[in-house]
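Step one of this worksheet: look at the structure below.
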Amino acid sequence: MPTLEEQRFDELIAADARVEPRDWMPEGYRKTLVRQISQHAHSEIIGMQPEANWISRAPSLKRKAILMAKVQDEAGHGLYLYSAAQTLGTPRDEMFQALVDGTAKYSSIFNYPTLTWADMGAIGWLVDGAAICNQVPLCRASYGPYGRAMVRICKEESFHQRQGFEILLELMNGTDAQKAMAQDAVDRWYAPSLMMFGPPDGDSPNSQQSMAWNIKRFSNDDLRQRFVDMLVPQAEALGVTLPDPDLRFNEQTGHYDYGQLDWDEFHEVLAGRGPCNGQRLAHRRKAFEDGAWVREAAAAYARTQAQLEKVAS
Ligand SMILES: [Fe+2]
Ligand SMILES: [Fe+2]
């Protein structure tokens, strides 16, 4: 016999209504959300590093301003998401600790290096593009604070994707060397961006439950297919080649078939053995340590203010 609380939760989910922080929820639901939202927050924050790498070397003042705004947006996304996760009762310090200890995961895509300026284009177009495909359905996630955070995040992600597309378009209208640089960036970022949707449906044990709870709305493979179908005409408009010899339109399904992805590489990078995992975490740790004086100063200021208020009252 389900308890009254369980019944109410099941009714909310069945009605496709929102679960709010004050509502009772099963422990599994809470844990799944904390894991997913905090991983998402970590990805936004760690994802600032590969792009910040190019702020000082952006080719013009305009490009620098755009890239800085984009990287700042990602910081904002991280903050909304940490706040959403905190409403589930997990303190921010705990989430941060799990990240720097390496026990929490973040998107494996951010463990690849950014070698040329064209990588800023490929990341915007492919990585932010995959993020949008993944995240638009999350705007309807059953947990209220998560869904609401995603609405704002998605608006900014579409700007990110367009700025990446535009960087590549300009390079593809440039010299042969610029075209080659754009193609090389697409060659390196294409497969990792397809892997951002997670393992194939058969190897994704948590997906079923997440779909039953209305957290996830589409399976990993469905979202990946949607992304590939979206990319092909955009690649044609850019004049770049997507690096997959098996990519072709399937008349029967009405979708593009694509080749096998290297899931061994995905699992290696996810397990911490990607090209930049160590560097990303070391940088995050150092940024936290370097910011200690700000936190101490803010705490000292708050103490003094509280004392002054006490004296005045
Ligand atoms: Fe973001
Ligand atoms: Fe973004």
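The values are calculated or read from the model by the stated rules, or taken from the named source; none is laboratory data. Fair warning: this is a prediction, and the values are worked out from it, not measured in the lab. Cβ: placed from backbone, ideal geometry, glycine included. Neighbour counts: every protein chain shown. Areas reflect the complete protein model, heavy atoms only, side chains present, ligands, DNA and RNA absent. Shrake-Rupley method; radii C 1.70, N 1.55, O 1.52, S 1.80 Å.
Name the residues in region 100-121 that are over 18 Å from Glu265 (Cβ atoms) and among the small types (Gly, Ala, Ser), would you?
Gly102, Ala104, Ala118, Gly121
Could you list, in sequence order, the residues of region 12-31 that are of a type in the set (Asp, Glu) and either closer than 26 Å to Tyr106 by Cβ or free of Cβ contacts under 8 Å to residues at least 60 places away in the same chain (or both)?
Step one: filter region 12-31 for residues of a type in the set (Asp, Glu), giving 16, 20, 23, 27.
Across region 12-31, the qualifying residues are Asp23, Glu27.
Please go through (1) closer than 22 Å to Gln72 by Cβ; (2) charged (D, E, K, R); (3) modelled with pLDDT under 95 for Arg162 and return the number of the only condition it doesn't satisfy.
Arg162 satisfies every listed condition except (3).
Determine if region 263-282 includes at least one residue that is of a type in the set (D, E, K, R), open to solvent by 100 Å² or more (accessible area, probe 1.4 Å) and within 30 Å of Pro245 (Cα to Cα).
For region 263-282, residues of a type in the set (D, E, K, R), open to solvent by 100 Å² or more (accessible area, probe 1.4 Å) and within 30 Å of Pro245 (Cα to Cα): present.
May I ask you to say which residue of Ile46, Ile37 is under 27 Å from Glu20 (Cβ atoms) and modelled with pLDDT of 95 or more?
Ile37
What is the residue count in region 115-136 for residues that are open to solvent by 10 Å² or more (accessible area, probe 1.4 Å), away from ligand 1 (no atom under 15 Å from the Cβ) and not aromatic (Phe, Trp, Tyr)?
The number of residues fulfilling the criteria is 2.
Of the residues that make up region 153-174, is at least one open to solvent by 10 Å² or more (accessible area, probe 1.4 Å), of a type in the set (Ser, Thr, Tyr) and away from ligand 1 (no atom under 16 Å from the Cβ)?
No: zero hits.
Only residues in region 32-51 that are aliphatic (A, V, I, L, M) count as the first member; pair them with residues that are away from ligand 2 (no atom under 16 Å from the Cβ) and not in a helix (DSSP H, G or I), Cβ under 7 angstrom, at least 6 apart or cross-chain, and list the lot.
Once the first residue is aliphatic (A, V, I, L, M) and sits in region 32-51, its partners that are away from ligand 2 (no atom under 16 Å from the Cβ) and not in a helix (DSSP H, G or I) give Leu33/Leu88; Leu33/Tyr143; Leu33/Ile215; Val34/Leu88; Val34/Thr90.
Please work out which one of (1) polar (S, T, N, Q); (2) crowded, with 18+ Cβ neighbours inside 10 Å; (3) within 15 Å of ligand 2 (Cβ to nearest atom) is the condition Ser142 fails and give its number.
Answer for Ser142: the failing condition is (3).
Report every pair of residues separated by at least 6 positions or lying on different chains whose Cβ atoms are under 6 Å apart, first residue within region 96-122 and over 30 Å from Lys179 (Cβ atoms), second assigned to a loop (DSSP other than H, G, I, E, B).
Short answer, once both residue conditions are applied: Ala98/Ala104.
Within region 213-247, which residues are of a type in the set (Lys, Arg) and either surrounded by fewer than 19 Cβ atoms within 10 Å (Cβ to Cβ) or modelled with pLDDT under 95 (or both)?
Of everything in region 213-247, those that are of a type in the set (Lys, Arg) and either surrounded by fewer than 19 Cβ atoms within 10 Å (Cβ to Cβ) or modelled with pLDDT under 95 (or both) turn out to be Lys216, Arg217, Arg226.
Return the residues of region 120-145 that are within 16 Å of Met172 (Cα to Cα) and over 16 Å from the mean Cα position of the chain (by Cα); say none if nothing qualifies.
Gly121
Do you know which residues across region 36-81 are more than 15 Å from ligand 2 (Cβ to nearest atom), under 19 Å from the mean Cα position of the chain (by Cα) and either open to solvent by 10 Å² or more (accessible area, probe 1.4 Å) or acidic (Asp, Glu) (or both)?
Gln36, Ser38, Gln39, Asn53
Can you tell me which residue in region 190-212 is farthest from Ile123 (Cα to Cα), limited to those that are open to solvent by less than 40 Å² (accessible area, probe 1.4 Å) and assigned to a helix (DSSP H, G or I)?
Per the criteria, the residue is Ser210.
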